[in-house]
Amino acid sequence: MKFGIVVFPGTWSDRDCHYAIHDVLGGGADYIWHKETSLFGYDCVVLPGGFSYGDYLRAGAIARFSPVMREVERFAMSGGVVIGICNGFQILCEAGLLPGVLLPADHLQYRCQWVNLRVENNSSPFTSGCHKGQVLKIPISHYEGNYYADEATLQELESNEQVVFRYSTASARITSAANPNGSLHNIAGIVNREGNVLGMMPHPERACEAILGSTDGNVIWESIVEYYQRRSG
């Protein structure tokens, strides 16, 4: 299986993603410059975290128009697996591949800290290796990670089980104190209606080795590989 990691001007989690996929898990991974116009040969596309184009206008608003995004859209529409992490989540929302928007945190602070994520849906390509209700310890590193959508969109996300991760306590309780940015419904990650595009604010690539404080992020990459293997027979 081959992962393609998209690099925009200002991206800085690309190497972390490459390390987690290639060095820790032994998977195939290439960097894809944002001006590329082909994703041929890739099985999963990763939009990593960072500050693409300096987050001018809005986070992800300019990156959404990079040439590679036309191919990311085609790739996703054809059923390809796409994961957007932090700034990647913001780009996916700006591109219309995921609903909603990421606003500045309600406390108006940039925060880099460990959080707990409760797995709400374990039938997605990204969580098949988890059990529903499992709590993952994964760090965040953002300012604009406050997920917002109108009430109709939120109801649709909930009824279609598109909320994949929710901020929780270590004991899996959903509380306001466990919410690090004010996201509605404690939402930390969602998928599109088809389930093949994930956006999440926490960084699974930074929870890939025990020395970092957690290996819980690996289950997301491993689930993607397992999904690909099942689909390809």
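Computed from the coordinates by the stated procedures, all read-outs in this text should not be read as laboratory data. Bear in mind the structure is a predicted one, so any value in this text is a computation, not a measurement. Methodologically, a virtual Cβ is constructed for each residue, glycine included, from the backbone with ideal geometry; neighbour enumeration extends over all protein chains shown.
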Leading residue by the ranking (farthest from VAL45 (Cα to Cα)) among those in the stretch 157-195 that are in a loop (DSSP other than H, G, I, E, B) and touching a residue at least 60 places away in the same chain (Cβ under 8 Å): ALA178
Residue selected from the stretch 141-176 under the condition touching a helix residue (DSSP H, G or I) at 6+ places or on another chain (Cβ under 9 Å) and among the β-branched types (Val, Ile, Thr), by the criterion surrounded by the most Cβ atoms within 10 Å (Cβ to Cβ): VAL163
Which listed residue, of LEU154, LEU198, is outside any loop (DSSP other than H, G, I, E, B) and touching a Phe, Trp or Tyr at 6+ places or on another chain (Cβ under 7 Å): LEU198
Residue in the stretch 88-140 that is surrounded by the most Cβ atoms within 10 Å (Cβ to Cβ), counting only those that are among the polar types (S, T, N, Q) and touching a Ser or Thr at 6+ places or on another chain (Cβ under 7 Å): THR127
Qualifying position, being closer than 25 Å to TYR143 by Cβ, of a type in the set (A, V, I, L, M, F, W, C), without any contact (Cβ under 8 Å) to a residue 24 or more places away in the chain and surrounded by fewer than 24 Cβ atoms within 10 Å (Cβ to Cβ), among PHE40, PHE65: PHE65
Residue check, ARG231 touching a residue at least 12 places away in the same chain (Cβ under 8 Å), farther than 18 Å from GLY145 by Cα and basic (Lys, Arg): no
Where THR153 falls short, out of the listed (1) out of contact with any Pro (no Cβ under 6 Å at 6 or more places or on another chain); (2) more than 18 Å from PRO202 (Cα to Cα): (1)
Test: residue in the stretch 41-62 that is over 29 Å from ARG230 (Cα atoms), within 18 Å of the chain's Cα centre (by Cα) and among the aromatic types (Phe, Trp, Tyr): yes
Residue in the stretch 179-193 that is farthest from the chain's Cα centre (by Cα), counting only those that are closer than 17 Å to LEU92 by Cα and buried (at least 24 other Cβ atoms within 10 Å of the Cβ): ILE187
Residue count, the stretch 134-151 (criterion: in contact with a Phe, Trp or Tyr (Cβ under 7 Å, 6 or more places away or on another chain) and of a type in the set (Ser, Thr, Tyr)): 1
In the stretch 194-229, residue surrounded by the most Cβ atoms within 10 Å (Cβ to Cβ) [restricted to those that are in contact with a Pro (Cβ under 9 Å, 6 or more places away or on another chain) and among the charged types (D, E, K, R)]: GLU205
